Amino acid sequence: MAEPDPVTARRGRRDDGTVTVHRRATMSGTIRVSAVLIVLNGERHLDRVLAALSFCAEILIVDSGSTDGTIAIATRHGARVVHQDFLGYGAQKRAAVALARHDWILAIDDDEVLDYEAAATIQVLDLADPTRAWQLRRRTYIGAREVRYGQWRPDLSLRLFNRTCANFSADVVHEAVRPAGAVLTLPGSLHHFSFRDYADVFTRLAGYARAKATKYHARGRRPWAAALIFRGCWGFLRSFVFKLGFRDGVAGVVVALSVAVDSALGLAMAGEEETGE
C-alpha cells in the first residue's frame, strides 16, 4: 500500500460526533516563532490546538481568568501563561503580541487546529524579510459538519507576521492584522471548531453584538426599523443565495440566519444604550 502524503491532514470522527484532525509528529527542532493565543475557558479544544504548535520556540497564552482546565492543559504543553483582564479582542491580541519573546508571531485562536501541511510549511519558510506576512485558510465547523459555502467562505486570515512591521488593529470587534508588505497564502488550513451546534452559533452572536453596540453608540449611529429590516434581509440573501449557502442545506440556512441577525442586532442594541433600556 502506498505511503500516505506526509503533509496532508486526515479527518475523522470520534464516537461523540466531533471532528478529529490527525497528523504525524511535526518536524524536529523549533523555529524562532512565538505562537500567541488569547484564552478564556478554552479547555474544550486547547489540548489539540497546542499539540499542533509544538514546533514553535514559544507558546504564549494570555488568559483572562479561566476557571476550567485551561491552565493545566497549557502547563502540560510547556506554554507560558500570562494573566490579563480582557481588554477587547483587538487590544487583548496586541497585548499578547507585545509579551511574546520573538518577533515572528503566529496568532492562533483557542478553537483552531493548525493542520500538518501548514505546520510543515511554516518550518521551512524564509523569514528573512520582516515585511512579509502569511495568511491561512480557515475551515469552520458547526459540531462535526464543515461549512463549505455561505458568508463564512472563503475565509483567509492573516496569522503569521513580524511584529516589527505589523500588528493587530485595536478594534474591539473585528480585529485584524495590518501588514506592511506582501501577504502570501500558506498551504494547509486552520480547522476552526468554534460552534458546538446550531444553537451555539446564535449564542456566540450576543457577545459580538454588545461590542458592536458600544462601538456604534460611540460613533453616534442610531437604529431605524427600515434599515434593520434591510440589513437583515440583505445579510440572509448574500449568504444563502449569492454565496451559495443553500448548498450546505440546513447548515446554510442557519449560517444565513446568523448573518442576518449579526447584521442588525448590534445596531439595534445601540439604541438600547441610548435609552438606557
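The values are calculated or read from the model by the stated rules, or taken from the named source; none is laboratory data. Here the structure is a predicted model, which is why all the values come from computation and not from measurement. Note that each Cβ is placed from the backbone with ideal geometry, even for glycine, and that neighbours are counted across all protein chains shown.
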- prompt: Hey, does the range 136-155 have a residue that's surrounded by fewer than 16 Cβ atoms within 10 Å (Cβ to Cβ) and polar (S, T, N, Q)?
  reply: no
message: Return the pair list, or none, for Cβ contacts closer than 9 Å from residues in the range 196-224 that are of a type in the set (A, V, I, L, M, F, W, C) to residues that are exposed (fewer than 15 other Cβ atoms within 10 Å of the Cβ) and at pLDDT below 85, at least 6 apart or on different chains.
response: A213/E272; A213/E273
- request: Kindly list the number of the only condition in (1) out of contact with any Ser or Thr (no Cβ under 7 Å at 6 or more places or on another chain); (2) touching a residue at least 24 places away in the same chain (Cβ under 8 Å) that fails for D126.
  value: (2)
query: What tally of residues in the range 109-125 results from selecting those that are within 16 Å of the chain's Cα centre (by Cα), surrounded by fewer than 22 Cβ atoms within 10 Å (Cβ to Cβ) and over 14 Å from S64 (Cα atoms)?
result: 1
message: Cβ-Cβ under 9 Å, sequence separation 6+ or interchain: first residue in the range 34-54 and on the phi > 0 side of the Ramachandran plot and outside any helix (DSSP H, G or I), partner of a type in the set (A, V, I, L, M) and surrounded by fewer than 23 Cβ atoms within 10 Å (Cβ to Cβ). Which pairs?
response: none
query: So T20 fits all but one of (1) modelled with pLDDT of 95 or more; (2) among the polar types (S, T, N, Q); (3) in a strand (DSSP E or B); what number is the exception?
result: (1)
task: State yes or no: is A176 out of contact with any His (no Cβ under 8 Å at 6 or more places or on another chain), at pLDDT 95 or above and closer than 23 Å to D109 by Cα?
output: no
query: Among R145, R101, R138, which is the only one that is among the charged types (D, E, K, R), under 22 Å from V201 (Cα atoms) and over 13 Å from the mean Cα position of the chain (by Cα)?
result: R145
query: Do we find a residue being assigned to a helix (DSSP H, G or I), out of contact with any Cys (no Cβ under 8 Å at 6 or more places or on another chain) and closer than 27 Å to L87 by Cβ anywhere in the range 218-225?
result: yes
